[in-house]
Amino acid sequence: MLTGNEIISTLEMLKNENLDVRTVTLGINLLDCAGADLNEVRRRVAERVMGLAGRLVPVCDRVGRKYGIPVVNKRIAVSPIAVVGAALSPAEMVELARTLDAAAREVNVDFIGGFSALVEKGMARGDRALIEAIPEALATTERVCASVNAASTRAGINMDALLQLGRTIKRAAELTAAHDGYACTKLCVFANIPEDMPFMAGAYLGIGEADAVINVGVSGPGVVKKAVDRALAARPDLDLGSLSELIKKTAYKVTRVGELIGREVAESLGIPFGVVDLSLAPTPNVGDSVGEIFQSLGLLAIGVPGTTAALALLNDAVKKGGAFASSRVGGMSGAFIPVSEDLNISEAARAGHLCIEKLEAITSVCSVGLDMVAIPGETSAETLTAIMADELAIGVVNNKTTATRLIPVPGKAAGDQAYFGGLMGHATIIPVNNAAGDNPFIRRGGFIPAPIHSLKN
Amino acid sequence: MNKAILSILGRDRPGIVATVARVLFEQSCNIENVSQAMLQAEFAGIFLVGLPNGLTAGELHRAIEGRLRPLGLQVHTKPCESAGEACAPPACEPFVITTRGPDRRGLVADISEVIARHGVNITNLQAFFKGGEAPGDNIMIYEVDVPASVDHQSFARDLQARAQSLHLDLSVQHRNIFEALHRI
């Protein structure tokens, strides 16, 4: 018999705290769809995606109804297209992106990730073609997401690739200038990219993965914030150790929900269950913000002194609770701080509490990095490369994932507003030091070697 | 072995279970299942017991009533109709239906009518009515077994329609979600 308290507290989490499953992402292996004939590749890719994902959305909706827990986003992650389309030209890669977009629309998922390349140790023909295709592919499709892994702890940082990616981001922004450079919101540049992450824009299916897999992203930050608020209302003098315990227990609950629903979706589709990603992913809604957690903990806003310590506490507690709750934790599993996607973080940037340097600092204790950061349109490709190199260096040296999703908003300057719409939200453009200036260090190119502690064997 | 089921009702006080158990022990009865509940200040207990050879349910009733009546407790005793196991129930999934909303007479009757109409069995019901309009003050929690043959969508739709007409906020969720959230 369930207790009344167990039932009522669950309903509270659902109705007032945005308890949900943030994403169920179907990983689809496309490696055997590779070929040199574009039309043949397109046919195979479309058949595979629609064949495996045709029931994804109705099954997620049915399972969500059964438990009363909404599955907010249903998504697809495919094998890196730079490998699948290794024999294709850049123009053909764009056509393949359109095929993915059409398939995503057909099966009604909101994003399909995997227009991706892994270039940390060098670029192959397919990688070059894909990176060249990224601006047009993202500007002319609606649901395709791209990612490039340009660094790893084992390989170091591929600065040549980053230089090209700096130009790629500028071009993608220019092609979607009328929408504040929207195409850039669908491109992540990584160090140590996870092969099983369910969250966009960085999700792709790793080369070492099976034919298909279901990965799940747990609920958003609202549940954690409300738990902190409730506890502090009852006991305003709670110390940080007690708050960490509280967050840990809340993360446990959230993770259990994600795993329960993910496993049932996987079983219904006859596809193996992969991992639960513990990351707290915000949306541009009040009550669903990572930034609000900082305020609940007692900081004026995310970005003020104390922020890095608070995020270290939060991220650690979420991982400990989640790791206990799930038998398969994976993906990114760290707090997200996407500026435009989080109403509160966006406001902190507007009010001047949060600058790009502080964002970079706090990614030393979480993941993702400079995520959904709108910067002045005048920012040069070289400076973009330099910002990315700084962020990826944190990941490479600290043996963790970091990434950037930077949007140099065409024609707009620091302090202006950029509007991306929907889940991508809006943001105040934050200033960049030496945005359009010269940077000979970056132009040297080559590789920044792997750190000494990469030699583990 | 013959069995009997006893229900005991009365104002709660210390010693009710001890008295009942003592009489059952003296009568050489074996307690197989017990469930007790407290509703405000009232005690309700149900005892399913195995009877020794030669003792009838009627004899047990007389013995136990003689001891409980002076305590202001009422007892009802009935022989169990079948000593064997019940026939296998149909394949079911356990769900929890919860309602919150303004109090009025007939809420339990109205909601349980929809549940019964769909052939769904209530396995546990908890209801708290403090009265008034505050949704948190008036809660019904039905644990139910939904046979696999029941169309879940139409069951949920009918429940929602009835709840709406009563201005209740109703949710139907598989029981596993509560266990996943709260139990290790």
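To make sure I understand, if each residue's beta carbon is the centre and we count other beta carbons within 10 Å, what order do A:316, B:12 fall in, fewest to most?
Starting with the residue having the fewest Cβ neighbours, the order is B:12, A:316.
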Report summary line: As a percent rounded to 5, the proportion of antiparallel DSSP bridges among beta bridges in the range A:27-191 is 10 percent
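With Rg and the Kirkwood Rh both taken from Cα atoms, where does Rg over Rh land for the range B:92-182?
Numbers: Rg = 12.7 Å, Rh = 13.3 Å.
Value, to two decimals: 0.96.
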Query raised in the report: Once the Cα gyration tensor of the protein assembly as shown is found, what semi-axes does its equivalent ellipsoid get, as square roots of 5 times the eigenvalues, in whole Å, sorted largest first?
Result: 58, 27, 21
Requested in this report: Send over the semi-axes of the range A:138-226's equivalent ellipsoid, whole angstrom and largest first, taken as the square roots of 5 times the C-alpha gyration tensor eigenvalues.
Outcome: 24, 21, 14
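I'd like the FRET efficiency for residue B:149 and residue B:38, computed as 1/(1 + (r/R0)^6) with the beta carbon distance as r and R0 of 25 Å, rounded to 0.05. Provide the component values of the computation, followed by the final result.
On the way: r = 36 Å, r/R0 = 1.45.
The computed FRET efficiency comes out at 0.10.
Where Lys and Arg each count +1 and Asp and Glu each count -1, what net charge lies around residue A:139 among other residues with Cβ under 11 Å from its Cβ? Kindly include the intermediate steps, with their values, before the conclusion.
Details: positive: A:171, A:186; negative: A:136, A:142, A:174.
Once positives and negatives cancel, what remains is -1.
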Report task. Pop out the ³J(HN,Hα) list for the range B:164-169 in order, Karplus 6.51 cos²θ - 1.76 cosθ + 1.60 with θ = phi - 60°, rounded to Hz; leave Gly and Pro as x. Result -> 4, 5, 9, 6, 9, 8
Query raised in the report: So which lysines pass the test for residue A:66, namely a Cα distance under 21 Å, with those fewer than 8 places away in the same chain ruled out?
Result: A:15, A:74, A:253
Query raised in the report: Which residue, chosen from B:14, B:27, B:71, occupies the Cα position most advanced towards the positive end of the dipole of the range B:3-79, where the dipole is computed from +1 (Lys, Arg) and -1 (Asp, Glu) charges on Cβ about the Cα centre?
Result: B:71
Report summary line: Here the net charge surrounding residue A:370, from other residues whose Cβ is less than 15 Å away from its Cβ (Lys, Arg +1; Asp, Glu -1), is -4
Requested in this report: Give a residue-ordered list of calculated ³J(HN,Hα) values for the range A:125-142 (Karplus: 6.51 cos²θ - 1.76 cosθ + 1.60, θ = phi - 60°; whole Hz; x for Gly, Pro).
Outcome: 4, x, 5, 4, 5, 5, 5, 5, 7, 3, x, 5, 4, 6, 6, 10, 10, 9
**Report entry** Dipole axis of the range A:27-191 (+1 Lys, Arg; -1 Asp, Glu on Cβ), positive-most option in A:80, A:178, A:131
**Finding:** A:80
Query raised in the report: Using modelled backbone amide H atoms (1.01 Å from N, in-plane), which distant-in-sequence or interchain residues come within less than 5 Å of residue A:153's amide H?
Result: A:192
Requested in this report: Quote the charge dipole size of the range B:92-182 about the Cα centre in Debye, to the nearest 20; the model charges only the Cβ of Lys and Arg (+1) and of Asp and Glu (-1).
Outcome: 180 debye
Requested in this report: Have a look at the DSSP beta bridges in the protein assembly as shown and tell me what percent are antiparallel, nearest 5.
Outcome: 65 percent
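If you average 1/r across every pair of different Cα atoms in chain B and take the reciprocal, what Kirkwood value do you get, in Å?
Details: mean 1/r = 0.0523 Å⁻¹.
Its Kirkwood hydrodynamic radius stands at 19.1 Å.
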Query raised in the report: Amide H to amide H under 5 Å from residue B:32: which residues, 5+ apart in sequence or cross-chain, H placed 1.01 Å off N in plane?
Result: B:48, B:49, B:50
Requested in this report: Put one equal scatterer on each alpha carbon of the range B:3-79, apply the Debye formula with no solvent term, and list log10 I(q)/I(0) at q = 0.11, 0.20 1/Å to two decimals.
Outcome: -0.24, -0.79
**Report entry** Fewest-first sequence of A:24, A:254, B:114 by Cβ atoms within 10 Å of each Cβ
**Finding:** B:114, A:24, A:254
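To the nearest 20 debye, what is the magnitude of the charge dipole of the protein assembly as shown about its Cα centre, counting +1 on the Cβ of each Lys and Arg and -1 on the Cβ of each Asp and Glu?
Roughly 880 debye, rounded to the nearest 20.
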Query raised in the report: What is the order of A:168, A:25, fewest Cβ neighbours within 10 Å to most?
Result: A:168, A:25
Query - Candidates B:109, B:127, B:163: whichever shows maximal mean-square fluctuation once chain B is modelled as a Gaussian network with Cα springs under 10 Å - result: B:109
Query raised in the report: Using θ = phi - 60° and the Karplus form 6.51 cos²θ - 1.76 cosθ + 1.60, what ³J(HN,Hα) does each residue of the range A:174-189 get, whole Hz, x for Gly and Pro?
Result: 4, 5, 10, 4, 5, 10, 6, x, 3, 4, 5, 6, 10, 10, 10, 10
Query - Once the Cα gyration tensor of the range A:27-191 is diagonalised, semi-axes √(5λ) in Å - result: 27, 18, 16
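With a Förster radius of 22 Å, plug the Cβ-Cβ distance of residue B:166 and residue A:9 into 1/(1 + (r/R0)^6) and report the FRET value to the nearest 0.05. Present the calculation step by step, with values, prior to reporting the outcome.
Working: r = 24 Å, r/R0 = 1.08.
Rounded to the nearest 0.05, the efficiency is 0.40.
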Query raised in the report: Taking the Cα centre of the range A:29-68 as origin and charging only Cβ (+1 Lys, Arg; -1 Asp, Glu), how large is the dipole, in debye to the nearest 20?
Result: 340 debye
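Quick note: the coordinates plus some simple rules give every number you see, no bench work behind them. Values in this document were obtained by computation on a predicted structure and should not be read as measured data. Note that each Cβ is placed from the backbone with ideal geometry, even for glycine, and that neighbours are counted across all protein chains shown.
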